[in-house]
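Novice: Got a structure for you, written out below as structure tokens; questions coming shortly.
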Amino acid sequence: MSNGHGCCKTGPGYASPLEAMAGPRESLIYVTAVYSGTGIEKPDYVATVDVDPNSATFSKVIHRLPVPYLGDELHHTGWNSCSSCFGDPSAQRRFLIVPALVSGRVYVIDVKTDPKAPSLHKVVEPADIIQKTGLAYPHTSHCLASGEIMISCLGDKDGNAEGNGFLLLDSEFNVKGRWEKPGHSPQFGYDFWYQPRHNTMISTSWGAPRAFTKGFNLEHLSEGLYGRHLHVYDWPGGELRQTLDLGDSGLLPLEIRFLHDPAKDTGFVGSALTSNMIRFFKTQDGSWSHEVSISVKPLKVQNWILPEMPGLITDFLISLDDRFLYFVNWLHGDIRQYNIEDIKNPKLTGQVWVGGLIQKGSPIIAVTDDGETWQAEVPEIQGKKLRAGPQMIQLSLDGKRLYATNSLFSTWDKQFYPDLVQQGSHIIQIDVDTQKGGLKINPNFFVDFGTEPHGPSLAHEMRYPGGDCTSDIWI
């Protein structure tokens, strides 16, 4: 067995992305659920959701692990060990790493002892992180083949982007220091992905925490408080080798993924504000370049804060066989599937509307170039109207099921979808046609975070116990 559940001769995860595709079907998902910023004075928590269709508790939250503090804003999660440690028989995928974006804490959660009822193992306190590194606002966590944990941090304790960089924890979750060499910090921080065979790590740029934590303000953009760059690092050396300016077509580049095949020297980044999928690639001289791969045109709208509405690509992922790319438009409300087998010419193969600001019943109306008005048809699921827009997504290992949550960040949720904070998040499941392409809502699956015991909560990132296409990296 090499699935991380009972390894004897190998480490966690899978030998290759294609082996991972043949792994067991997911039966549980761990989801960050947030009360911070909602007005409910309760701690955020990690929810365990049953996604086994043969289970009596299918499509329900079966366990909640509250963290000990208020005001954390749990956000993204990673692992202590993943497929990058497959060659190390002593490594175990035992702990979920849960950085708290606002408070700066890092929670370490044991999901191995009882996968259906995770428990808190350790808290890395912000005072310790700040004292040793100056870093705050932790975001993306990846495990390294060395057993260490690397976490991108978006600023200093005062919310300035200038203090951002990469936190290193050792295998016991003690603060080791910064990963990058002194003087090699990026301009802004957010996400990162590494491709060891090309000795490269690339990181992305959201903005200064003192700007984005207050909600989105266009003036902050013109004041230079948001990013548009990719930072190319020597891996594992930590030297900043190149900075790619994505220009006006690449404002707020958020999630980044290399292709899963570790031999490949290309991948994608989603530029949220300009709503472009941008492909980056290695050139013949060994430097890196980029091109706009897919563009989502802004919609002309009536009754909104601006005359044009961007799609706002907030998350995307790539299937483990590198055939399909999926992304969400959080404001428009659709999820898209593209065939990327011809990497330079992605083809739209599936699209489904699952929310958004222009759905029927909304006061906001889209207008075509011919002056015709329209709104998106969004079906109800189990009698429930879909709220907000699709935000984080996760794909089953075999590529046949796509899960979507709908909360971005509590202050942005309140700004763009105030009803979401009152009514709570949900998780939906999309059935995927992996032969011809195509997306269809599963009417039998709906996880309603509006009915949680302490009141409606905001659901963000999802993880399977055995790893997935946005956590695991192959070397």
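Novice: Please get the size of the charge dipole for region 17-463, origin at its Cα centre, with Cβ charges of +1 on Lys and Arg and -1 on Asp and Glu, quoted in debye to the nearest 20.
Specialist: On the way: 40 positive and 52 negative charges, 96 e Å.
The dipole magnitude comes to about 460 debye.
Novice: Past the 22 Å Cα-Cα mark, which pairs from 400/436; 347/440; 414/440; 297/347?
Specialist: On the way: 400/436 12 Å; 347/440 18 Å; 414/440 29 Å; 297/347 16 Å.
Distance filter (> 22 Å) returns 414/440.
Novice: Which percent of the accessible area of the chain is formed by carbon and sulfur heavy atoms (probe 1.4 angstrom)? If you can, show how the numbers build up before the last one.
Specialist: Numbers: 8510 of 17300 Å².
Of the solvent-accessible surface of the chain, carbon and sulfur hold 49 percent.
Novice: Let me ask something additional. Residue by residue through region 253-261, which ³J(HN,Hα) values in whole Hz follow from phi under the Karplus form 6.51 cos²θ - 1.76 cosθ + 1.60 (θ = phi - 60°), with glycine and proline marked x?
Specialist: With the stated coefficients, region 253-261 comes to x, 9, 6, 10, 9, 6, 4, 6, 4 Hz.
Novice: When you count, for each residue, the other Cβ atoms within 10 Å and take the mean per peptide, how do 153-160, 65-72, 380-387 rank with the highest first? Don't skip to the answer; put the middle values down first.
Specialist: Working: 153-160: 20.9, 65-72: 16.4, 380-387: 14.8.
Put in order of decreasing packing, that is 153-160, 65-72, 380-387.
Novice: Could you please state, rounded to a whole Å, how far the C-alpha centre of region 235-294 is from the C-alpha centre of region 155-223?
Specialist: Each part's Cα centre sits 16 Å from the other's.
Novice: Taking Cα centroids, how far is region 320-339 from region 62-91 in Å?
Specialist: Here the two parts' Cα centres lie 25 Å apart.
Novice: When we measure straight from the Cα of residue 60, which aspartates and glutamates land under 12 angstrom away, once same-chain ones fewer than 8 places off are left out?
Specialist: 50, 52, 448, 452
Novice: Hey, can you rank 186-192, 238-244 by average C-beta count inside 10 Å, highest first?
Specialist: On the way: 186-192: 24.3, 238-244: 16.0.
Highest-to-lowest ranking by the protection proxy: 186-192, 238-244.
Novice: Could you point to the residue in 434, 281, 415 farthest towards the positive end of region 17-463's charge dipole, with +1 and -1 charges on the Cβ of Lys/Arg and Asp/Glu respectively?
Specialist: The listed residue farthest towards the positive side: 434.
Novice: Which lysines, if any, have their Cα less than 23 Å from the Cα of residue 132, not counting same-chain residues under 8 positions apart?
Specialist: 122, 157, 176, 181
Novice: Given the peptides 278-285, 394-401, arrange them by the average over their residues of other C-beta atoms within 10 Å, most packed first. Each step should come with its number before you reach the end.
Specialist: Values: 278-285: 14.8, 394-401: 20.4.
Put in order of decreasing packing, that is 394-401, 278-285.
Novice: Using the Kirkwood formula over every pair of different C-alpha atoms, what hydrodynamic radius in Å results for region 1-102?
Specialist: 15.4 Å
Novice: Then there's this: Under a 1.4 Å probe, what is the accessible area of region 17-463 per residue, stated in Å²? Spell out each step's value before the answer.
Specialist: On the way: 16300 Å² over 447 residues.
Ligands and nucleic acids excluded, the figure is 36 Å² per residue.
Novice: Next question, about the same structure. In terms of modelled amide H atoms, which long-range or inter-chain residues lie less than 5 Å from the amide H of residue 121?
Specialist: Hits under the 5 Å cutoff: 108, 109, 110.
Novice: In a shell of Cβ-Cβ distance under 13 Å around residue 98, excluding residue 98 itself, what net charge do Lys and Arg (+1) and Asp and Glu (-1) give? Spell out each step's value before the answer.
Specialist: Working: positive: 105, 122, 463; negative: 44, 72, 73, 110, 461.
Computed value for this residue: -2.
Novice: Right, something else. Can you give the local net charge around residue 70? Use residues other than it whose beta-carbon is closer than 11 angstrom to its beta-carbon, Lys and Arg +1, Asp and Glu -1. Kindly include the intermediate steps, with their values, before the conclusion.
Specialist: On the way: positive: 42; negative: 41, 44, 72, 73.
That sum, taken over residues with Cβ under 11 Å, equals -3.
Novice: Same structure, new question: Can you list the HN-Hα couplings for region 336-341, worked out from phi with the Karplus curve (6.51, -1.76, 1.60; θ = phi - 60°), rounded to whole Hz and with x for Gly and Pro?
Specialist: 10, 10, 10, 7, 10, 4
Novice: Find the all-direction average of the projected area of the Cα convex hull for the chain, expressing the result in square nanometres with one decimal place. Before the final figure, lay out the partial values.
Specialist: Numbers: hull surface 83.0 nm².
Orientation-averaged projected area of the Cα hull: 20.7 nm².
Novice: Restricting things to alpha carbons, tell me how big region 120-214 is in terms of Rg and Dmax, in Å.
Specialist: 12.9, 40
Novice: What does the net charge come to around residue 53 if you take all other residues with beta carbon closer than 13 Å to its beta carbon, with K and R at +1 and D and E at -1?
Specialist: On the way: positive: 25, 60, 400, 401; negative: 26, 50, 52, 431.
Net charge in that neighbourhood comes out at 0.
Novice: Round to the nearest 10 and report in Å² the accessible area of residue 305, as given by a 1.4 Å probe over the protein chains' heavy atoms.
Specialist: Approximately 120 Å² for this residue.
Novice: Please label the shape of region 206-357 as rounded, prolate or oblate, based on the square roots a ≥ b ≥ c of the eigenvalues of the alpha-carbon gyration tensor (a/c under 1.5 means rounded; beyond that, a/b larger than b/c means prolate, else oblate). Provide the component values of the computation, followed by the final result.
Specialist: Working: a/c = 2.17, a/b = 1.21, b/c = 1.80.
It is oblate, given that a/c is not under 1.5 and a/b is not larger than b/c.
Novice: Restricting to Cα pairs below 8 Å that are 6+ residues apart, what does the relative contact order work out to for region 17-463? Please round to a whole percent.
Specialist: Numbers: 1246 pairs, mean separation 50.1, N = 447.
Relative contact order of region 17-463: 11 percent.
The values are calculated or read from the model by the stated rules, or taken from the named source; none is laboratory data. All values derive from a computational prediction rather than experimental measurement. Here the Cβ is made from the backbone with ideal geometry for all residues, glycine too, and neighbour counts use every protein chain on show. For the accessible areas, the whole protein counts, side chains as well, though only heavy atoms, and no ligand, DNA or RNA atoms are used. Shrake-Rupley method; radii C 1.70, N 1.55, O 1.52, S 1.80 Å.
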